[in-house]
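The values are calculated or read from the model by the stated rules, or taken from the named source; none is laboratory data. This structure is a prediction, so every number in the text was calculated from the model and none was measured. Note: ideal-geometry Cβ built from the backbone for every residue, glycine included; neighbour counts use all protein chains shown.
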Amino acid sequence: MDIPAIELDRIVDAALAEDLGWGDITTDAFVPPHVKGKGSFLVKARGVLAGMEVAQRVFHRVDRSLVLKITVPDGSRVDRGMVVGAIEGPLNSILKGERTALNFLQRMSGIATGTAQLIDAVSGLPTKIMDTRKTVPGLRFLDKYAVRIGGGKNHRFHLGDGILVKDNHWEALKVSGETLAQAIQRVKARASIFLRVEVEVKNMEEALESVAAGADILLLDNMTPEEMRRVVQEVKGKVLTEASGSVNLQNVRAVAESGVDFISSGALTHSVKTLDISLEVGMA
């Protein structure tokens, strides 16, 4: 995984503290520590797998003696009935980590699956599918990793790694009396030369103003595909374009056919349909 180990442990430990902070009264009462168990991770729906190494980390944080063998790697297309991993060790420990591991695995696989579905829908077109910052607080590393596993690209990870002028920033400029061109010139003078300025626009007038002001990317917010097409034709070769707002499987191809370079979808991470995966546990 390309997630820093310290961040992964922080996320996993917080989740385990939430679930096991006061112990597991039921398991400790019914399952003696010496009893051995085993389990299989069973996929119950078609999708894209993501999060097996996170699940593995969960069980290792619960009990280092647990052995989780990953038989299907992240990024694989899976279908109902497939076994993607197996675990062995103290049954007591398996049961304590089960829910937390599955929560991560099901959510991350759901994100990867949703991303892959959008990408499949625009197959043959050059438009790239991206996420947004609309992630679960504390889980951004995992949410954005799952998007990448599904074949998508990451937008800004945080507010410090990109310049994006949105509607509220436009309103602030009106109050300050500064023009968009002046603001862009000022921020470019202060920021890294590797950072590009993206400006959210809602119509052709704002798009042309933004290009003239020095924007590098236009974020076409909640425009129709035809409105996007007209803007793209007008600014092609001058700036990159990104479409955003109410993107779904039904309209994503029409949006891509407008000619935009990128489509970003907050729904990939804020409206996740989890992939149904279970851990079938038995005695060793």
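Structural remarks
- The residue that is modelled with the lowest pLDDT, among those in region 220-240 that are surrounded by fewer than 22 Cβ atoms within 10 Å (Cβ to Cβ) and in a strand (DSSP E or B), is Asp221.
- Of all residues in region 244-283, those that are hydroxyl-bearing (Ser, Thr, Tyr), out of contact with any strand residue (DSSP E or B) (no Cβ under 8 Å at 6 or more places or on another chain) and within 18 Å of Ala146 (Cα to Cα) total 3.
- Unmet criterion (only one of (1) free of Cβ contacts under 8 Å to residues at least 12 places away in the same chain; (2) crowded, with 21+ Cβ neighbours inside 10 Å) for His60: (2)
- Inter-residue pairs, beta-carbon under 6 Å, first farther than 19 Å from Glu198 by Cα and outside the structural domain of Gly114 (by TED's automatic domain parsing) and in region 231-253, second at pLDDT below 95 and in a strand (DSSP E or B), 6+ apart: none
- Selection status of Arg57, under 20 Å from the mean Cα position of the chain (by Cα), under 17 Å from Gly89 (Cβ atoms) and not hydrophobic (A, V, I, L, M, F, W, C): yes
- Selected residue (only one of Ala116, Ala146 is modelled with pLDDT of 95 or more, over 30 Å from Asp63 (Cα atoms) and assigned to a helix (DSSP H, G or I)): Ala116
- When restricted to residues that are part of a loop (DSSP other than H, G, I, E, B) and either more than 16 Å from Leu173 (Cα to Cα) or not assigned by TED's automatic domain parsing to the domain that holds Ala243 (or both), region 206-219 contains 1.
- In region 266-273 there is at least one residue that is buried (at least 22 other Cβ atoms within 10 Å of the Cβ), closer than 30 Å to Lys44 by Cα and at pLDDT 95 or above.
- Residue check, Phe157 closer than 30 Å to Glu53 by Cβ, assigned to a loop (DSSP other than H, G, I, E, B) and of a type in the set (Phe, Trp, Tyr): yes
- Residue in region 36-57 that is farther than 21 Å from Val83 by Cα and in the same structural domain as Ser109 (by TED's automatic domain parsing) present: no
- Filter pass, Arg196 being charged (D, E, K, R), farther than 30 Å from Leu95 by Cα and either in contact (Cβ under 8 Å) with a residue 40 or more places away in the chain or surrounded by 13 or more Cβ atoms within 10 Å (Cβ to Cβ) (or both): yes
- Odd one out for Asp79 among (1) surrounded by fewer than 21 Cβ atoms within 10 Å (Cβ to Cβ); (2) closer than 22 Å to Asp2 by Cα: (2)
- Selected residue (only one of Ala254, Ala207, Ala243 is modelled with pLDDT of 95 or more, under 18 Å from Thr127 (Cα atoms) and either crowded, with 19+ Cβ neighbours inside 10 Å or of a type in the set (Val, Ile, Thr) (or both)): Ala243
- Within region 63-90, considering residues that are under 23 Å from Phe30 (Cα atoms) and of a type in the set (Asp, Glu), the one nearest to the chain's Cα centre (by Cα): Asp63
- Val255 vs. criteria within 22 Å of Thr132 (Cβ to Cβ) and either of a type in the set (A, V, I, L, M, F, W, C) or not in a loop (DSSP other than H, G, I, E, B) (or both): yes
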